[in-house]
Amino acid sequence: MSTSHSAGITPAPTATTATGVRSPQWLRAAGDIARVNRVAVLGFVGLLLVVALAGGPVVGAFTDLDQSIVRGVLVASPGFMAALGLILVLVQTGAHVAAGMTRRSFLRAAAATSALGVVIVGLGGTLALVVEGVVYRGLDIPHGGFGTGPAGVATGLWDEGIAVTVGVCTLASLAGVVAGLAVGAGYQRLGGLTGSVYLPLGALTLIAAMSQFDAHSAESLAARAGLGAAPLAGLVGVLTVVCAVVVVATLRSTPIRTPRA
């Protein structure tokens, strides 16, 4: 059995729609990738909602609580998305090329499915914070951010409104998945120790993305570095663009090793 069939990849020459018209390569590849990623992405959002509903009541029953628990989980969202991006490149790039698809088709598919995952996690994270806020108010628990504030409770990004919350959650997820794609591209193309060339860029992007969830606190890493919420978001955006350029340049202009059958 070939690697492409065993990996669940739709062979390029035979895939057609229900009407017998062949669909674009990138769209078929996107469908394959989405089927692989949907359980992980929806599972992560489900975890956020469970924490939003049960975290406050459970933790508040044992100790004084004045900080968001969902925020602590969301800090890990860029790392989660980076893992998806890394696995996507390392596992599926060669399999799609071996199935007869072009690298351009794979890049389009990766961009489409990554964007979908980013939107789902970004909106899911925002919804979880809103739900948690409702639960906290019902229990008369302060819905604070990281660290301490003038009144003892730190301001959270959700205090800036829905638009800011959606923006931060979405940008953090986008930065994470693109950083993972960049690191994966290095290992896919170069392999071994040499493939670690993009690790510093990926790590810096992840750290900056994670720091956004605490940017409103004077005790945060961003505040210690002299960065406010807006400049930090700008830095994350720039790093994300750099990572995206790395992904395209690495996967489009260099040979890709296909897996053995």
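Go through the residues of the stretch 157-176 one by one and say whether even a single one is modelled with pLDDT of 95 or more and over 21 Å from Leu49 (Cα atoms). Within the stretch 157-176 (the criterion being modelled with pLDDT of 95 or more and over 21 Å from Leu49 (Cα atoms)), the answer is yes, since at least one residue qualifies. Is one or more of the residues making up the stretch 139-150 at pLDDT 80 or above, at negative phi and buried (at least 22 other Cβ atoms within 10 Å of the Cβ)? Checking the stretch 139-150: at least one residue is at pLDDT 80 or above, at negative phi and buried (at least 22 other Cβ atoms within 10 Å of the Cβ).
Looking at the structure I just gave you, is Val59 touching a residue at least 24 places away in the same chain (Cβ under 8 Å) and out of contact with any His (no Cβ under 6 Å at 6 or more places or on another chain)? Judged against the criteria, Val59 is not a match. Among the residues of the stretch 113-121, is any buried (at least 24 other Cβ atoms within 10 Å of the Cβ), among the aliphatic types (A, V, I, L, M) and either farther than 13 Å from Val41 by Cβ or at pLDDT below 90 (or both)? No, there is no match, as no residue in the stretch 113-121 is buried (at least 24 other Cβ atoms within 10 Å of the Cβ), among the aliphatic types (A, V, I, L, M) and either farther than 13 Å from Val41 by Cβ or at pLDDT below 90 (or both). Being modelled with pLDDT of 80 or more and either among the acidic types (Asp, Glu) or surrounded by fewer than 16 Cβ atoms within 10 Å (Cβ to Cβ) (or both) holds for only one residue in Val58, Val36, and it is Val58. For the stretch 57-68, the criterion of a residue being within 19 Å of the chain's Cα centre (by Cα) and closer than 13 Å to Val135 by Cα is satisfied by no position.
In the stretch 180-216, what residues are surrounded by fewer than 17 Cβ atoms within 10 Å (Cβ to Cβ) and of a type in the set (S, T, N, Q)? If the condition is that a residue be surrounded by fewer than 17 Cβ atoms within 10 Å (Cβ to Cβ) and of a type in the set (S, T, N, Q), then Thr194, Ser196 are the ones that fit.
Filter the stretch 98-137 down to residues that are under 23 Å from Ser196 (Cα atoms) and touching a residue at least 24 places away in the same chain (Cβ under 8 Å), then give me how many there are. Adding up the residues that qualify gives 5.
Has the stretch 210-220 got at least one residue that is at pLDDT 70 or above and out of contact with any Gly (no Cβ under 9 Å at 6 or more places or on another chain)? Among the residues of the stretch 210-220, at least one is at pLDDT 70 or above and out of contact with any Gly (no Cβ under 9 Å at 6 or more places or on another chain), which makes the answer yes.
The values are calculated or read from the model by the stated rules, or taken from the named source; none is laboratory data. As the structure is a prediction and not an experimental result, all values here were calculated from the model. Please note: Cβ atoms are built from the backbone with ideal geometry, for glycine as well, and neighbour counts cover all protein chains shown.
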